[in-house]
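The values are calculated or read from the model by the stated rules, or taken from the named source; none is laboratory data. Please read these numbers as outputs of a predicted model, since none were measured by experiment. Quick reminder, even Gly has a Cβ in these numbers, built from the backbone with ideal geometry, and neighbours come from all protein chains shown. Accessible surface is based on the protein model in full, side chains and every heavy atom, while ligands, DNA and RNA are left aside. Shrake-Rupley method; radii C 1.70, N 1.55, O 1.52, S 1.80 Å.
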Amino acid sequence: MRFTLIVLLTLNLTAFSQNKKIDEINRYITSIDSNSDLKINEYDWSKVTGTHIDKGAILKIWKKDNEIVKIKEEFGASYGRCIRLIYLKNSKPIKAIETEENFEFKNNEIDYTSLKLQFKIQVFVTGFNKVIDEYEFDVIKEGKRKLTEYYCDLNEVFSIRDEISNL
């Protein structure tokens, strides 16, 4: 009985600690999103990477002084669009939000005026495991992917950070 109580208390404290960390991350993100003093640079994704995207792609980078605090990738496709937001604190990722929006079908035709959220994933970086040199995550998923692929490793969601370090 005593062991069960200890296990339940430990799980309860761990859940509370995770929620507190997520709340802290969300407060920081709100401060970034509401900061009108950040410098925003916009790039054509195809020119940055040398790859062609079906309906074009845009990369936006928000900086405070010379530190990147937010990255937005927006990819257009014939079926809709994908958006990935990455938030950084002290040059380290703290949260990523990825959405897949698809055009709706009306009368057996694609309605290019109406996008519907198909899938959303929020990845919170809650720690870093130095032993295996990887981030620890808390993940919230909504919906199902239809046309995009899931990452084999959630660390890949933040890989763009390394690719744009020279911008």
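Remarks
- When the strands (runs of 3 or more DSSP E) confined to segment 52-129 are screened for residues that are free of Cβ contacts under 8 Å to residues at least 24 places away in the same chain, in contact with an Asp or Glu (Cβ under 6 Å, 6 or more places away or on another chain) and β-branched (V, I, T), those reaching at least 1 such residues are found at 57-64, 80-89.
- In this entry, F128 is excluded by the filter for residues that are among the hydrophobic types (A, V, I, L, M, F, W, C) and surrounded by 13 or more Cβ atoms within 10 Å (Cβ to Cβ).
- Flag for A57 being out of contact with any strand residue (DSSP E or B) (no Cβ under 8 Å at 6 or more places or on another chain) and surrounded by 18 or more Cβ atoms within 10 Å (Cβ to Cβ): no
- Residue satisfying condition, being at pLDDT 90 or above and either open to solvent by 50 Å² or more (accessible area, probe 1.4 Å) or within 18 Å of the chain's Cα centre (by Cα) (or both), within set Y135, Y87, Y112: Y87
- Unique match (being more than 16 Å from F124 (Cβ to Cβ), among the acidic types (D, E) and either surrounded by 10 or more Cβ atoms within 10 Å (Cβ to Cβ) or at pLDDT 90 or above (or both)) among E98, E24, E74: E74
- Flag for L117 being modelled with pLDDT of 90 or more and of a type in the set (A, V, I, L, M): yes
- Residues in segment 27-51 that are touching a residue at least 40 places away in the same chain (Cβ under 8 Å), of a type outside the set (V, I, T) and either more than 30 Å from F103 (Cα to Cα) or open to solvent by less than 50 Å² (accessible area, probe 1.4 Å) (or both): Y28, N41.
- Looking across segment 61-71 at every residue that is of a type in the set (A, V, I, L, M) and farther than 29 Å from T113 by Cα, the one that is least open to solvent (accessible area, probe 1.4 Å) is identified as V69.
- Segment 75-102, residues that are β-branched (V, I, T) and within 14 Å of K55 (Cα to Cα): I83
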